[in-house]
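The values are calculated or read from the model by the stated rules, or taken from the named source; none is laboratory data. Note that the structure is predicted; figures quoted are calculated from it, not measured. Cβ placement follows ideal geometry from the backbone for every residue including glycine, while neighbour counts extend to all protein chains displayed. Note: areas computed on protein heavy atoms with side chains; ligands, DNA, RNA excluded. Shrake-Rupley method; radii C 1.70, N 1.55, O 1.52, S 1.80 Å.
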Amino acid sequence: MIKNYFKIALRNISRNLSYTFLNIFGLTLGVASCLTIFLIVRNELNYDNSSSKANRTYRVTLNALDFNSNISLAVLPALRNDFPELEHSTQVFYQPDATMQVGQNRFREINLVLGDNQLTQVFEYKWLAGDEKTALSQPNSVVLTSTIAKKYFGNTDPMGQVIKFGDQATKVTGVIQDPPTNTSLPLNLIISMNTFFKQPSTEFWNISGGSYAYVVIPEHYSIKQLQSRMPAFIKKNWGADIAKDARLLMQPLRDVHFDQRYINNIVTPTSKDTYYALIGVALLIIITACINFINLATARAIKRAKEVGVRKVLGANRGQLIGQFMGEITILVLTSVILGVAVCALFLAKAGTWMNITISAGQLLQPEVLGWIAAITVSVILFAGLYPAFVQSGFQPADSFKNKVSASKGGLSLRKALVVAQFSISQIMIVGTLIVAHQMDFFENQDLGFNKDAVISVRMPVKEKREVFEQHLATMPGVKSYCVSSGSPSYNNSWAPFSAPALGFPKDNVTELKFIDEKYTDMFGMTMLAGQKITRKAPTDSTNKVVVNETLMHDLGVQDPQKFIGQLINVSGQQATVIGVVKDFQSESKHKKIRACVLQYNVDRFRSASIQLQPENMPATIAAIGKQWSQLFPDDVFKYEFIDEHIAAMYKQEQKVFTAFQLFSYIAILIGCLGLYGLISFAASQRTKEVGIRKILGASVQSIIGLFTREFVLLIAVAFLIAAPLGYYMMHKWLQNFAYHITIGPAIFFIAIASSLVIAALTTAHQAVKAALANPVKSLRSE
Amino acid sequence: MIKITELQKYYRTEEVETIALNKLSIDVKEGEFVAIMGPSGCGKSTLLNILGLLDDPDGGSYLFNGIEVADFNERKRADLRKHNIGFVFQSFNLIDELTVFENVELPLIYTGVPASERVARVEKVLDKMQIMHRRNHYPQQLSGGQQQRVAVARAVVNNPKLILADEPTGNLDSSNGNEVMELLTDLNEQGTTIIMVTHSEHDARYSHRIIRLLDGQTVMENIMI
């Protein structure tokens, strides 16, 4: 019996290739998309989960003026002393990039970490060479990841080799396997902490950017209890005043990637909602593919009614017929799943480029993933197969032979409902994609309060050579203008407390601090609202003059910029006079509200040059800058970054989501189109006689095309009524993740319904026109 | 073998009720060959569908071998049908996706006959119908006469007690039609009861008795000598 089922299933599949293709192609794309999304989401939701102790690992953070990921290097030694029961604890100092020298070769490397032996125990890196207990004990030791070891030394044994880091020569004492990419502490090299930090720090407020502390609590240890003891711990070690202003928070490591309150993270945290939304997209895609199955199968059921009748006449009972139809769908689904897994592997290979996510295709063979694949297979077989199987097996033989089953009103209504569901899904996806695209455009191109176009940022490693470098820049024909500072407006790495007792604000608040030269505000096209710009200051000048942004002024209760000129404020404990107020500019991503900012002249902090290039021949100008730079700083590697690219990088997570939305929306729409094409083809073949009669009675080609398309236009309109409020609700919720976001206007919904109509028209046009142009004599004869 | 008493069947739409069988009573004895004739819409096919347990009557009684089957559920009807009744249709109703051999084998599969026995029985019946040389062909590759012979082979492969034939020569030329009628006659002579719906007086003459229907009622019975 089973053999017979499979035989007839295979023959049915091979005899109805177009139907088989529509179903298998759609479902293959659906399964591939679904699996890819699941793997992406699993990767993201498993951030910082590679260690077996991940659930017991906490990042020690500071909550004073803000939620700060960085804490003083003084905290960890005290914690170790007062809480000896902690299983592990470690503090790292993260440096985003540095120049490493191996022999005569120099490498600009990212993700450098200073750490101790416990670091590798907390994160459980896998050691390929060296002793994890001692590798980082001695100063000037360095542990490499396997990729870096290969890059620097090829097939030579890296152990004992010397790598220069600045003026420090370090010796390779270990090699670890590359850590997973889904970590909030990415690293390529670990240099022993005591290479640079010889004496333990004792100052609570001496917080270096890039210093992070982690503890692992013992099993069955109460984190709540540890947390409750923190105020007493601060009081005991640093006094009651600090204990009053500051809190040390134990942030679960597994939450780091998703807690958007914190500043100074290495990897920008993201919202879990985004990934839940992607799972929703995956489900919508697979539902769309299943709807195709159901629609095409129930439409074709009419064709198979005779077969059902014959089988029943010959003695088949309903269960046997359901078994037969389920067998057929099982073959189609299994074929699609196998192809889908292969396509998913291709998607994953491209995901690195499209979405900046690295997921190995080997994960598809993991037992958990195989379990998902099995679950998807069974769900699709049941969801897509059961209804058509019940419908088809329910035909009465007498009706089948009299062709009475074609008038099945229930089946038709369901098909319409499912087409409406498909169009609703497509329109929600279109609305979602459009809104994400607009928001991305808003991120990158809306007024930031400064000019970012054609500006590159270049480090200046040796401050003594700054002026010489500036002189070179001044003479270069391709350089339109330049300035030096602690960083461009979109670089934000220095924070300070500020207060204004004279204005009635004696308590410290937090401000961003930027050190800029006199050319900075002009070069970046920043708007002064009142007062004067920062001016050059002689080394002997002891006056402290600052320009502040509007937000700082508002924080201090002043609305009129003119009235704020000449006011005295305290910045980092020093009194400063406000000489100007600049219009707010975006120094952080648009996830956050613009915060207070102080601009100050300080020649000692000018580590970065921002250079605006003439639009002509930019590559040659950059090459010329690089040549001069390399001559001035021969021990370093020239690296530059366009500021607009730096800004775009702030929205890397959103870009990932956008790319995913875009890609999977196209796929969902394509799958829907396949189903629609199948339905219209079927409708055209079913209505051949009707079209023939209409044409003989005088119907025009247009009216025949209208006959086929009218119904779909109505269904699209109904779908729009469902999709518009749902799409609005979901995307409005998503936009709430950002402090600055677009307003959802009617244009987006107009585009969504117009796109649906165009897509449906293009999908149905071929078959509708073919039916309309068919020779009526032939169609009636064939009837 | 078959006794129907005051059998009724209505077809209803929202506005119209059509009486297909109007308190029809017929007896058919085992081994009989009965032809049912009448104009279109007189209820011939409806009667055949009810006799074949493909359709439910709306009233009356239907005794099959002394058992009341009018109120059988679908499973019981399928069971009774597959063991006792063979069907031959005007339009053959072969399954296009199956070969001649597989089409004839299908009833044996549904009655659970073991594979080895199926082969022997199918070959035997194909041989008898002189269609053995076409065993691996698909229905579309056969002529109408050949297709009907396959349909007859399929109807008899389970050795049914009753064959219901619905205009079995309606789609055939006279030569092929005669061949099919000869086949049915042979089967009847071997003891199979046959009830045949036909428009053809010529075909009806092969039967023992002709029942003529009009508006769902018997209007005349002719005994053939």
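Got a sec? Which residues in segment A:449-464 would a label at residue A:607 touch, if it sits 7 Å along Cα→Cβ and we count backbone N under 11 Å?
Only A:459-463 fall inside the zone, counting backbone N under 11 Å.
Could you sort the peptides A:423-436, A:37-50 by per-residue average Cβ neighbour count (10 Å cutoff), highest mean leading? All intermediate terms of the calculation are to be shown ahead of the outcome.
On the way: A:423-436: 24.7, A:37-50: 19.4.
Per-residue mean Cβ counts within 10 Å order the peptides as A:423-436, A:37-50.
Given 4 °C and 1.567 mPa s, compute D for segment A:434-573 with the Stokes-Einstein relation, Rh being the Kirkwood radius over Cα pairs; round to the nearest whole µm²/s. Mind dumping the intermediate values first?
On the way: Rh = 17.6 Å.
This corresponds to a translational diffusion coefficient of 74 µm²/s.
Average the reciprocal distances over every distinct pair of alpha-carbons in the protein assembly as shown, invert the result, and give the Kirkwood radius in Å.
The Cα-based Kirkwood calculation yields 35.6 Å.
In degrees from 0 to 90, rounded to the nearest 10, what is the angle of the helix B:144-156 Cα long axis to the longest principal axis of chain B?
80
Using a 1.4 angstrom probe on heavy atoms only, work out the carbon and sulfur share of the accessible area of chain A in %.
On chain A, the fraction of accessible area on carbon and sulfur atoms equals 58 percent.
What are the semi-axes of the equivalent ellipsoid of segment A:691-783, taken as the square roots of 5 times the eigenvalues of the Cα gyration tensor, listed largest first and rounded to whole Å?
Over the Cα atoms of segment A:691-783, the semi-axes work out to 43, 10, 9 Å.
Need one value for A:313-326: mean number of C-beta atoms belonging to other chains within 10 Å of its residues' C-beta atoms.
Mean partner shielding for this stretch: 5.
Applying the Karplus parametrisation 6.51 cos²θ - 1.76 cosθ + 1.60 with θ = phi - 60° to the phi angles of segment A:210-220, what ³J(HN,Hα) value in whole Hz is obtained for each residue in order, glycine and proline being reported as x?
Values, residue by residue: x, 9, 10, 10, 10, 10, 10, 8, x, 4, 6 Hz.
Could you state the number of Å between the C-alpha centres of segment A:583-644 and segment A:26-67?
Cα centres, segment A:26-67 to segment A:583-644: 33 Å.
Return the FRET efficiency for the residue pair residue A:702, residue A:652: r is the Cβ-Cβ distance, R0 is 51 Å, and the value is rounded to the nearest 0.05.
Details: r = 51 Å, r/R0 = 0.99.
Rounded to the nearest 0.05, the efficiency is 0.50.
Taking the full set of protein chains and a 1.4 angstrom probe, give the accessible area of residue A:520 in square angstrom, rounded to the nearest 10.
Here the residue's solvent-accessible area equals roughly 0 Å².
Rounded to the nearest 20 debye, what is the charge dipole size of chain A about its Cα centre when +1 sits on each Lys and Arg Cβ and -1 on each Asp and Glu Cβ?
3760
Please give the total accessible area that chains B and A bury against each other, computed with a 1.4 Å probe and expressed in Å² to the nearest 100.
Details: alone 10950 and 34790 Å², together 43240 Å².
Interface between B and A: roughly 2500 Å².
Project the alpha carbons of segment A:212-356 onto their principal axes and report the range along each, largest first, in whole Å.
Rounded to whole Å, the extents work out to 93, 38, 23 Å.
Which semi-axes, in whole Å and largest first, does the equivalent ellipsoid of segment B:45-117 have when worked out from the alpha carbon gyration tensor as the square roots of 5 times its eigenvalues? Don't skip to the answer; put the middle values down first.
Numbers: eigenvalues 138, 51, 16 Å².
Sorted largest first and rounded, they come to 26, 16, 9 Å.
First measure r as the distance between the Cβ atoms of residue A:146 and residue A:52, then evaluate 1/(1 + (r/R0)^6) with R0 = 25 Å and state the FRET efficiency to the nearest 0.05.
Numbers: r = 21 Å, r/R0 = 0.84.
The computed FRET efficiency comes out at 0.75.
Once you order the gyration tensor axes a ≥ b ≥ c over the Cα atoms, which shape class does segment A:202-290 get: rounded for a/c under 1.5, otherwise prolate or oblate by comparing a/b with b/c?
On the way: a/c = 3.67, a/b = 2.36, b/c = 1.55.
Prolate is the answer for segment A:202-290, as a/c is 1.5 or above and a/b outweighs b/c.
What nm distance separates the two modelled labels at residue A:467 and residue A:10, each placed 7 Å from Cα along Cα→Cβ?
It is 8.7 nm.
Based on the mean of other Cβ atoms within 10 Å per residue, sort peptides A:662-674, A:458-470 so the most packed one is first.
Values: A:662-674: 22.1, A:458-470: 15.5.
My ranking of the peptides, most packed first, is A:662-674, A:458-470.
If you stretched the chain out fully between residue A:620 and residue A:551, how much longer would it get, using 0.36 nm times the residue separation minus the C-alpha to C-alpha distance?
Separation in residues times 0.36 nm, less the Cα-Cα distance, equals 20.8 nm.
Please compute the length gained on full extension between residue A:382 and residue A:366, using 0.36 nm multiplied by the number of residues separating them and subtracting their Cα-Cα distance. Mind showing how you got there, number by number?
On the way: separation 16, 0.36 × 16 = 5.76 nm, distance 2.42 nm.
The span from residue A:382 to residue A:366 would gain 3.3 nm if fully extended.
Evaluate the charge dipole of segment A:410-481 about its Cα centre and quote only its size in Debye, nearest 20, assuming +1 on the Cβ of each Lys and Arg and -1 on the Cβ of each Asp and Glu.
That gives segment A:410-481 a dipole magnitude of about 300 debye.
Work out the mean other chain Cβ neighbour count within 10 Å for the residues of A:9-21 and drop it here as an integer.
Mean number of neighbouring Cβ atoms from other chains: 1.
Please give, to one decimal in nm, the separation of the simple spin-label points placed at residue A:481 and residue A:18, each 7 Å out from Cα toward the Cβ.
6.5
How crowded by other chains is A:389-397, given as the mean number of beta carbons from other chains within 10 Å of each beta carbon?
Partner Cβ neighbours, averaged per residue: 2.
How far, in nm, would the chain grow between residue B:205 and residue B:17 when pulled straight, counting 0.36 nm per residue and subtracting the alpha carbon separation? Each step should come with its number before you reach the end.
On the way: separation 188, 0.36 × 188 = 67.68 nm, distance 3.44 nm.
Once the chain is fully extended between residue B:205 and residue B:17, it gains 64.2 nm.
Using a 1.4 angstrom probe, figure out how much accessible area segment A:153-303 has per residue, in square angstrom, rounded to the nearest whole.
Numbers: 6630 Å² over 151 residues.
About 44 Å² of surface per residue is accessible.
With just the Cα atoms of segment A:126-230, tell me how far they stretch along each of the three principal axes, in Å, largest first.
Each principal axis gives a Cα extent; for segment A:126-230 these are 51, 31, 23 Å.
Give me a comma-separated list of calculated 3J(HN,Hα) values for segment A:429-434, in order, Karplus coefficients 6.51, -1.76, 1.60 applied at θ = phi - 60°, integers in Hz, x for any Gly or Pro.
Values per residue, Gly and Pro as x: 5, 5, 4, x, 5, 5 Hz.
Take the Cβ-Cβ distance between residue A:765 and residue A:276 as r, set R0 to 22 Å, and report the resulting FRET efficiency rounded to the nearest 0.05. Provide the component values of the computation, followed by the final result.
On the way: r = 38 Å, r/R0 = 1.71.
With a Förster radius of 22 Å, E is 0.05.
Residue by residue, what Karplus-based ³J(HN,Hα) values in Hz, rounded to whole numbers, does segment B:70-75 have, using 6.51, -1.76 and 1.60 with θ = phi - 60° and x for Gly and Pro?
4, 9, 5, 7, 4, 5
Under the classification rounded if a/c is under 1.5, otherwise prolate if a/b is larger than b/c and oblate if not, where does segment B:125-170 fall, given a ≥ b ≥ c as square roots of the Cα gyration tensor eigenvalues?
It is oblate, given that a/c is not under 1.5 and a/b is not larger than b/c.
Which residue, A:30, A:207, B:217, has the largest displacement toward the positive end of the dipole of the protein assembly as shown when charges sit on each Cβ (Lys, Arg +1; Asp, Glu -1)?
Toward the positive end, the furthest listed residue is B:217.
Report relative contact order for chain A in percent, whole number only (criteria: Cα-Cα under 8 Å, sequence separation at least 6).
16
Starting from the Cα of residue A:3, step 7 Å along the direction of its Cβ; do the same at residue B:124; then give the gap between the two resulting points in nm.
The modelled label-to-label distance comes out at 2.0 nm.
Hey, got the dipole for segment A:1-141? About the Cα centre, +1 on K and R Cβ, -1 on D and E Cβ, debye to the nearest 20?
Working: 13 positive and 12 negative charges, 259 e Å.
That gives segment A:1-141 a dipole magnitude of about 1240 debye.
List the residues, sorted by chain then number, that are 5 or more residues from residue B:34 or on another chain and whose placed amide H is less than 5 Å from its amide H.
Result for residue B:34 returns B:194, B:195, B:196, B:208.
Using Cα-Cα distances under 8 Å and only pairs 6 or more residues apart, what relative contact order does segment A:14-126 have, in percent?
Rounded, it is 20 percent for segment A:14-126.
By average Cβ neighbour count within 10 Å, what is the ranking of A:84-95, A:633-644 from highest down?
A:84-95, A:633-644
Give the whole-number value, in cubic angstrom per residue, of the convex hull volume spanned by the C-alpha atoms of segment B:9-146.
Numbers: hull volume 23.3 nm³, N = 138.
Enclosed volume per residue, from the Cα hull, is 169 Å³.
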